[in-house]
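Structure, as structure tokens:
The values are calculated or read from the model by the stated rules, or taken from the named source; none is laboratory data. In this text the structure is predicted, and so the values were computed from the model without any measurement. Cβ placement follows ideal geometry from the backbone for every residue including glycine, while neighbour counts extend to all protein chains displayed. These area figures cover heavy atoms from the full protein model, side chains too; ligands, DNA and RNA do not enter into them. Shrake-Rupley method; radii C 1.70, N 1.55, O 1.52, S 1.80 Å.
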Amino acid sequence: MKKFFMITPLQPRKPFDQLEYTKYEAVGNSKLEFHETRFPIMAVINGYAEKGEEIRLIAVTPETENTPYRIEQLKAELKALQEEKGFLCPYGEDGVDVVSLTYAGDVATQIELFHKLLPYIEDNDILYGCLTYGDKPMPIAELMAIQYGYRVLNNVSIGCLVYGEKDHSKIIGNKLDKNGKVITNKAGEPILDYASRIFDITALVQLDEIVRMLADRKVKNPNEIINDILSL
């Protein structure tokens, strides 16, 4: 089964909703081209879920004031995409498996997250992940679980891993609504639109596997071998 992992965003709702719809430019993978979304994982689902196919969406959800509202937004986007693409997502509540977790950056919490994610990975799965949101340790724990499933279980593969970026150093103008009108915040100030991209970073996981293999073989100068393998 295709399983999609993500971390629920933490952006606050007040004094205005800081989790905006964003059109991400796909980098390195044309399947990630998608319309505006709050959740980059939607671009992944759109690119890889097939009509009539069952998938599963697992959302790591830190326990904060804002995340229940974010989950409702996620469910709404998932439902709209299901209607558009025709895939099935019959698991969890309204298609979302919510993995609740204390909002903390300590090691114990990340180990707990790792353990909570493992039961969702089974033989023959194809795993997808978005590493955009959460505090910095959480995507590491998410990736650890995905890699563990890939290395240990039977016939598990990694389909695509992504990172969504909003580059605040590159303003591309004011954010516009569907009618071309400038969107403002509650203070009446225009909301700026920044360059946003979604990167396919699956190759980094593949590179990690190569590096581990070379390290086991005590290869001291791996650059040439790595470049040769990545150029294939």
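What the table shows:
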| quantity | calculated |
| --- | --- |
| Whole-Å distance, taken between Cα centres, linking the range 184-210 and the range 37-110 | 18 |
| Descending Cα extents along the principal axes, the range 189-232, whole Å | 58, 20, 16 |
| Lys, Arg +1 and Asp, Glu -1 on Cβ, resulting dipole of the chain about Cα centre, debye, nearest 20 | 380 |
| Local electrostatic count, Asp216, Cβ distance below 15 Å [Lys/Arg +1, Asp/Glu -1] | +3 |
| Residue-level accessible surface for Thr64, protein heavy atoms, 1.4 Å, Å² | 40 |
| Kirkwood-based shape ratio for the range 141-212, expressed as Rg/Rh from alpha carbons | 1.24 |
| Proximal lysines to Lys75, defined as alpha-carbon separation beneath 25 angstrom and excluding residues fewer than eight positions away on the same chain | Lys2, Lys3, Lys14, Lys23, Lys31, Lys51, Lys85, Lys116, Lys136, Lys166, Lys175, Lys178 |
| Degrees, to the nearest 10: 137-152 long Cα axis against longest axis of the chain | 40 |
| Compactness of the range 18-107, expressed as Rg and Dmax over alpha-carbon positions, Å | 13.9, 41 |
| Estimated 222 nm signal from helices in the chain, with DSSP H stretches of n ≥ 4 weighted -39500 (n - 2.57), rounded to 500 | -10500 deg cm²/dmol |
| When the convex hull of its Cα atoms is projected in every direction, mean area for the range 97-199 (nm²) | 9.5 |
| Beta bridges per DSSP with both ends in the chain, % antiparallel, nearest 5 | 35 |
| Mean separation of Cα contacts under 8 Å (6+ apart) over length of the chain, as relative contact order % | 21 |
| Listed peptides 36-44, 132-140 by packing density, highest first (mean Cβ within 10 Å) | 36-44, 132-140 |
| The chain: Cα Rg divided by the 2.2 N^0.38 Å rule of thumb | 1.08 |
| Candidate aspartates and glutamates for bridging to Lys218, where Cα separation is under 16 Å - those fewer than 8 sequence places away on the same chain excluded | Asp208, Glu209 |
| Mean accessible surface per residue for the chain, computed with a 1.4 Å probe while every protein chain stays in place, in Å² | 54 |
| Residue-level accessible surface for Ser30, protein heavy atoms, 1.4 Å, Å² | 100 |
